[in-house]
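The next block holds one structure in the form of structure tokens; read it before the comments.
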Amino acid sequence: MSNFVSSWAKHIVTLPENYVMPPDKRPNEHVSIGNNIPVIDLAKASSSTINHAELVQEVLKASQEFGLFQIINHGVSEKLMDDVMDLFKELFDMSVEMKDKLFSEDSNKSCKVFGNRYINGEIRYWRDLLIQPVFPIQEDTQHWLENPARYRELVETYSTEVRKLCTTIVELIGEGLGVELGEEMIKDQALGANYYPTCPDPSSAMGSPPHCDPNIITFLQQQVYGLQIFKDGHWIGVQPLPYAFVVIIGYQMSNNKLVACEHRAVTNSESGRITLGTFVSPAGDCVVEPAKALVNGDSPALYRAFKYEEFMNDFMAGKEPHKTLTLDNIS
Ligand SMILES: O=C(O)CCC(=O)C(=O)O
Ligand SMILES: [Fe+2]
């Protein structure tokens, strides 16, 4: 059986056993769409009638209360967002033979295509995933995928645009917190494309497990419902808004001030779902530590200083670095 769920999902009517989640990991409760998840209009930034300070406060409040918000009127063109989404539709629709040739967990390869990224013991998640490091713009873009046509051009253009947006949002957050979030915090960038094919049994399968993103900030493009966040003891759904980006605060920006948002993705039986995540992070050798200006008696540091790669290595090995790299755990 191909490692890509998308290669065989449409030919089956019953969820294969190794995709059936244990009962406590199923999305089996009723989840409502959250109607108070913040939606922030970035056009305010250039409007003279609305105070820039108001926008800063909106972004800060959303990052503190939810660790997630949607942004509209963000300046990335709708045409570009459509073109990139279509590109990945085409990629996940490629023949089994083509996709299996791409399948690689070889860390030396620039573009990694995973049939399934998170393997939960023997149980698999109902998704395919491709990860493409994009910044610093790889000297080896000639090793990027050549197919579908326009892959290199579109991925580079899209990533450059989302990068600009990221700088804007990180500046707004820094302004709200009263700290300079240095450029070194937003150095590296990867594009992750998730494909959750139509699922024969969404109540037993899971698309992406509950997690917080390990990086600093994520920009997610989605069209079809499936993203849920955990807040105040229960899951709530994030309504896809046309041409919005969902902004997700990751662990590197959380201490006592902002929250890293726990989220997951569920599947559905009506249509496939593609999401495009732009993951921005410090470079691996960057030392991350709580901003000194923000640490005081009321708001103590939770984490010790660590190299970002130390965090990532532990995260990828499932060691929960957000629990182990704390000040209580200095060895
Ligand atoms: O596809 C989604 O809705 C969420 C994906 C996600 O959380 C991730 O790729 O980190
Ligand atoms: Fe995520």
So if we plug the beta-carbon distance of Q57 and T324 into 1/(1 + (r/R0)^6) with R0 = 35 Å, what FRET efficiency do we get, rounded to 0.05? 0.55
Return the distance in nm (one decimal) between the two label points of a simple spin-label model at I72 and N296, each offset 7 Å from Cα along Cα→Cβ. 3.8
Pairwise FRET efficiency - D100 versus N35, Cβ, R0 = 45 Å, nearest 0.05: 0.55
I want to check the label-to-label distance for N256 and V224. Put each point 7 Å from Cα in the C-beta direction and report it in nm to one decimal. 4.4
Taking θ as phi - 60°, what are the ³J(HN,Hα) couplings along the range 31-38 by the Karplus curve (6.51, -1.76, 1.60), each to the nearest whole Hz, with x for Gly and Pro? 10, 8, 5, x, 9, 10, 5, x
Calculate how large, on average over all directions, the projected area of the Cα convex hull of the range 157-221 is; give the answer in nm² to one decimal. 6.1
Past 20 Å, Cα to Cα: identify those pairs from K61/K164; K231/K257; K79/K101, in the order given. K61/K164; K79/K101
Here the gain from full extension of N147 to E310, 0.36 nm per residue of separation minus their alpha-carbon distance, amounts to 55.3 nm
What aspartates and glutamates does K319 reach when the alpha-carbon gap must be under 18 Å and sequence neighbours fewer than 8 apart in one chain are set aside? D213, E262, E309, E310, D328
What FRET efficiency do you get for E65 and H211 if R0 is 25 Å and r is their Cβ-Cβ distance, rounded to the nearest 0.05? 0.80
Given unit charges at Cβ for Lys, Arg (+) and Asp, Glu (-), the dipole magnitude of the chain about its Cα centre in debye, nearest 20, is 420
Could you tell me which residue out of L172, H211, I229 lies farthest along the dipole of the range 136-270 toward its positive end? Charges go on the beta carbon: Lys and Arg +1, Asp and Glu -1, centred on the Cα centre. I229
Furthest towards positive pole of dipole, Q142, L55, I131, structure part the chain, Cβ charges: I131
For the chain, report the convex hull volume of the alpha-carbon atoms normalised per residue, in Å³, without decimals. 147
Per DSSP, loop GluC sites (Glu not before Pro) in the range 1-104 with at most 11 further Cβ within 10 Å: E29
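Return the loop-located GluC sites (Glu not before Pro) in the range 173-253 (DSSP other than H, G, I, E, B) with at most 12 other Cβ atoms within 10 Å of their own Cβ; answer none if there are none.
Details: sites: E175, E180, E183, E184; in loops: E180.
Within the range 173-253, the qualifying GluC sites (Glu not before Pro) (loop, at most 12 other Cβ atoms within 10 Å) are E180.
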Can you list the residues, at least 5 places off or on another chain, whose amide H is less than 5 Å from the amide H of G67, using H built in the peptide plane? V259
Along each principal axis of its Cα atoms, how long is the range 224-331 end to end? Whole angstroms, biggest number first, please. 51, 29, 24
Place a point 7 Å from the Cα of T160 along the Cα-to-Cβ direction; which residues of the range 60-102 have their backbone N under 16 Å from it? 76-77, 80-81, 84
Please report the base-10 log of the normalised intensity I(q)/I(0) for the range 135-191, using a Debye sum with one equal scatterer per alpha carbon and no solvent, at each q in 0.19, 0.20, 0.22, 0.30 (1/Å). -0.72, -0.77, -0.86, -1.24
Would you kindly derive the ³J(HN,Hα) couplings of the range 232-244 from the backbone phi angles with the Karplus curve 6.51 cos²θ - 1.76 cosθ + 1.60 (θ = phi - 60°), listing them in order in whole Hz, with x for Gly and Pro? 6, x, 8, 8, 10, x, 9, 5, x, 9, x, 6, 8
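Would you please calculate the Kirkwood hydrodynamic radius of the range 119-275 over all C-alpha pairs and express it in Å, rounded to one decimal?
Kirkwood hydrodynamic radius for the range 119-275: 17.3 Å.
Any read-out appearing in this document is the output of simple, stated calculations on the displayed coordinates, not a laboratory observation. Only a predicted model underlies this, so the values are computations on that prediction, with no experimental measurement involved. Cβ sites come from the backbone with ideal geometry, for glycine too, and all protein chains shown count toward neighbours.
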